[in-house]
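I have placed the structure first, in the form of C-alpha cells, so that the comments after it can refer back to it.
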Amino acid sequence: MSGPKAYYITTPIYYVNDVPHIGHAYTTTACDVMARFKRLDGFDVMFLTGTDEHGQKVEKSAAAAGLDPQAFTDRVSENFREMTRQMNVSNDQFIRTTEPRHLKASQAIWDAMVAAGDIYVGKYEGWYAVRDEAYYGEDELTVTPTGKRIAPSGAECEWVEEPSYFFRLSAFADRLLAHYDGNPDFILPAGKRSEVTAFVRSGLRDLSMSRTTFDWGIKVPDDPKHVMYVWVDALTNYITAVGYPDTDAEAYRRYWPADLHMVGKDIIRFHTVYWPAFLMSAGLPLPKRVFAHGWWTIEGQKMSKSLGNAVKPAELIETYGLDQTRYFFLREVPFGNDGDFSRKAMVQRINGELANDYGNLVQRVLSMVAKNCAAAVPAPGPLAPADEAMLGAARALLARVRADMDVQAFHKALDAIWLVIGDANRYVDEQAPWTLRKTDPPRMATVLWTLAETIRHVAVLTQPFMPDASAKILDQLAVPADRRTFTALTPADALVGGTPLPAPQGVFPRLVVEGEGAH
RNA sequence: GGCGACGUAGCUCAGCGGUAGAGCAGGGGAAUCAUAAUCCCUUGGUCGGGGGUUCAAAUCCCUCCGUCGCUACCA
C-alpha cells in the first residue's frame, strides 16, 4: 500500500528577533503556492514553517524586554504565526526550536555526528569585540597607530580564545561536490549552484559548533557549559518536525528526505553546505532540493532598518488585497531573481492582469450566461474548430504549468495561464456571442459553454496562487468542492448544461489610482 | 585581488549561430457582452565599445567599459 506520493516542503524557520516583513511573507507564500499545487495534484503534502528562537541576540532582546527568553520567544513567535494566517498559508505544522521534541532531535543528531567521529574539541579564537559581542575577521579590522584593532562598528577588539567543539567540515568537500555534480537540481537556481560549488571547491575549514559565551540555546550533550552553534539547532528543525530521532516514525519514513527547502539567498550556504554535511555525518538522507530565491527592494531601494522602509504584510493585504498580493509576489519577478516592489508595478499588475484580463473575462462571460442562459450553465451544441482550439489550449495548460512548477518557475506557470486567458478574451471578440444571441442562440450557448469550461480550467489552476478568488470563480461556475483538484481537469468533469448558477459577482476590483479618476 | 553573472525597444525582460521578439508604456482604429474592461494595427533597437572565428553572430572567442553576486562561523 503506497498511497499518494509524499511531498515535503519547508520554509526557513524565521529568527524571532525580526519583525515579519515582505521578505518573510514572500518565502512563505511561495512555499504555500507550491504546497497547494502539490495537494491539488494529488500529493500527500507536509508543509512546515516555524521560528528559530535561540541565540545570543534573542537572549539580549529578552533581557532588554525584561522577560526571560522563553516568555519572550513565546510572545514574538506569535508574530510569525500571525503572518502565516494573514497570508492564508496552509502549513501543516509550525515548529519552534524551543520545543522539547526539538531539543531531543538536536541532541540526537549531535550524538550521531560525534559517533561518526566528526566532532572534536578545539578552541575558537579570533578578534572579539566585547561591546558588539561578536568576532571579526582580520581583514575587517583597522589597526590604529598604537596597534589596537578596531571593528567596523568602532569597537575595540581583543584576541580571544574559547573552548569549542568543531565539526570536521573539511572532510566533506569531496562528498559535497560529488553530490552537487550528481544532482544538478539539488541547488537552484543554477547560478547559485555555481557559487556554492566554487566556494566548496576553494576548500572548507572545520566549523565551530558550540559557544560558551551565552546560554540561550541547546546544550551540547554531556557538556552543558556549551551551547550548540545556532545553525546546528536551526537546521535540525526540518527533521524534528517529522519525528527524528525516531527514524521509524510514520512521518519520518513518509516525508524525509524533504523535497524542497525554500530559502532566501542569504542562507544558502547553511542549507547547501553545512546541512548536507551534517546529514551525511549522521548517516541521514539529504533533501532533494534547496531553492534560493532573491530579495525585494522597495521602490528601488534596499530594505533596511535605518531607512525604515520594510513593508509589513498586513499593510499590503489591507491596501491591495490578499490574493492580489500573493499574485504579485509570484508574477512580478522570475522566481530566483531579485525584484522591486513598487506601488506602480503593483497597480499595473492588479489592474492590467487581474481586473482587466482575468476578472473581466469571468465577468463578461458569466453576465452573458446569467442574462441569456436562464442563469444556468449553457448546453453546448456541436463544437466548431475554434471551440476545439479554445478548449485544447485550456486542457493543455495543466501539463505546461506542472512542468514549470516542478522547477519553481512560478512566473512561467502564471504566464502560461495568462496566455490562455488572452486566448479566451480573443475568442470572445471573434465569436461575438452578443451578436449570436440574435442570429443563432444555440451557437451562442456553445460559445458561452466553451468559455465557461475554459474559465473552469483556469480557475482550478489559479487556486494555489489565489485560493479565495479562485474559489469565488469556481463557486460562480457551481463547481462542486470535491471537483476542484487537477484530476477534474478532464472532459469527464466538464460543466454540465442546465446546472443552475448563482448571480455573478466581480472578483478582482480595479484599483482606482489617484489622478486616473473616471472620465 | 580571485571566481562568476549580466549589459537587447521608454520600462521589465525573452531569444543564445541563420538577415531582431514579448509584456507594459506611447500612437491609430474596431467593437459594445463586460470591472471604460476587450480586440486589431502601429511608432520604437546599428542587441554596452572594439577586435576575431564563420558562408552567416545578441548568439562562439578575445579585449575594454559598466553593473551586480560570491570570496565562511550575527542570524
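The values are calculated or read from the model by the stated rules, or taken from the named source; none is laboratory data. Everything numeric here is computed off the predicted structure, so don't read it as measured data. Neighbour counts are summed over all protein chains in view; Cβ atoms, including those assigned to glycine, are modelled from backbone coordinates with ideal geometry. Just the protein is used for accessible areas: all its heavy atoms, side chains included, with ligands, DNA and RNA removed. Shrake-Rupley method; radii C 1.70, N 1.55, O 1.52, S 1.80 Å.
Could you check region A:325-344 and list, in sequence order, the residues that are open to solvent by 20 Å² or more (accessible area, probe 1.4 Å) and more than 11 Å from RNA strand B (Cβ to nearest atom)?
First pass over region A:325-344, keeping only residues open to solvent by 20 Å² or more (accessible area, probe 1.4 Å): A:331-332, A:334, A:337-338, A:340, A:343-344.
Within region A:325-344, just A:343 meets the criteria.
Quick check on region A:403-417. Is at least one of its residues modelled with pLDDT of 95 or more and open to solvent by 20 Å² or more (accessible area, probe 1.4 Å)?
no
Among the residues of region A:410-435, what is the count of those that are near RNA strand B (Cβ under 7 Å from one of its atoms) and of a type in the set (Ser, Thr, Tyr)?
Total satisfying the criteria: 1.
If I go through region A:224-265 residue by residue, how many of them are open to solvent by 10 Å² or more (accessible area, probe 1.4 Å), in a helix (DSSP H, G or I) and charged (D, E, K, R)?
Residues meeting the conditions: 4.
Pairs under 6 Å by beta carbon, first residue touching a residue at least 24 places away in the same chain (Cβ under 8 Å) and near RNA strand B (Cβ under 7 Å from one of its atoms) in region A:197-216, partner in a strand (DSSP E or B) and open to solvent by 40 Å² or more (accessible area, probe 1.4 Å), six or more apart or different chains?
From region A:197-216, the pairs are A:208/A:124.
Within region A:299-313, identify whether any single residue is free of Cβ contacts under 8 Å to residues at least 24 places away in the same chain and outside any loop (DSSP other than H, G, I, E, B), and answer yes or no. Don't jump to the end; show me each part of the working.
Residues of region A:299-313 that are free of Cβ contacts under 8 Å to residues at least 24 places away in the same chain, as a first pass: A:301-302, A:304-309.
Remaining after also requiring outside any loop (DSSP other than H, G, I, E, B): A:301-302.
Yes; the residues of region A:299-313 include at least one that is free of Cβ contacts under 8 Å to residues at least 24 places away in the same chain and outside any loop (DSSP other than H, G, I, E, B).
Please verify whether residue A:197 is among the polar types (S, T, N, Q) and open to solvent by 60 Å² or more (accessible area, probe 1.4 Å), treating the condition exactly as stated. Write out each step before concluding.
Values: among the polar types (S, T, N, Q): yes; open to solvent by 60 Å² or more (accessible area, probe 1.4 Å): no.
It is false that residue A:197 is among the polar types (S, T, N, Q) and open to solvent by 60 Å² or more (accessible area, probe 1.4 Å).
Find the residue count for region A:366-402, including only residues that are open to solvent by 60 Å² or more (accessible area, probe 1.4 Å) and in contact (Cβ under 8 Å) with a residue 40 or more places away in the chain.
Final tally of qualifying residues: 5.
Would you mind telling me which numbered condition in (1) assigned to a helix (DSSP H, G or I); (2) under 20 Å from the mean Cα position of the chain (by Cα); (3) surrounded by fewer than 19 Cβ atoms within 10 Å (Cβ to Cβ) residue A:268 fails?
Here residue A:268 meets the rest and fails (3).
Hey, any hits in region A:501-519 for a residue that's more than 15 Å from RNA strand B (Cβ to nearest atom), β-branched (Val, Ile, Thr) and at pLDDT 95 or above?
First, pick out the residues of region A:501-519 that are more than 15 Å from RNA strand B (Cβ to nearest atom): A:502.
This time we only want the ones that are β-branched (Val, Ile, Thr), so: none.
Within region A:501-519, none of the residues are more than 15 Å from RNA strand B (Cβ to nearest atom), β-branched (Val, Ile, Thr) and at pLDDT 95 or above.
Mind listing just one residue for me: the one in region A:192-214 that is under 22 Å from residue A:281 (Cα atoms) and of a type in the set (Ser, Thr, Tyr) and, of those, modelled with the lowest pLDDT?
By that ranking, first place goes to A:202.
Do we find a residue being farther than 23 Å from residue A:497 by Cβ and assigned to a helix (DSSP H, G or I) anywhere in region A:378-396? Break it down stepwise before answering.
Of all residues in region A:378-396, those farther than 23 Å from residue A:497 by Cβ come to A:396.
Imposing the further condition that a residue be assigned to a helix (DSSP H, G or I) reduces the set to A:396.
Yes, the conditions are met somewhere in region A:378-396.
Using the structure shown, decide if residue A:459 is open to solvent by less than 10 Å² (accessible area, probe 1.4 Å) and within 27 Å of residue A:509 (Cα to Cα). Let's see the steps before the verdict.
Values: open to solvent by less than 10 Å² (accessible area, probe 1.4 Å): yes; within 27 Å of residue A:509 (Cα to Cα): yes.
Judged against the criteria, residue A:459 is a match.
Among the numbered criteria (1) surrounded by 23 or more Cβ atoms within 10 Å (Cβ to Cβ); (2) in a helix (DSSP H, G or I), which one does residue A:49 miss?
(2)
Kindly indicate the residue of region A:345-365 that is farther than 15 Å from residue A:512 by Cβ and open to solvent by 10 Å² or more (accessible area, probe 1.4 Å) and also modelled with the lowest pLDDT among those meeting that condition.
Out of the qualifying residues, it is A:345.
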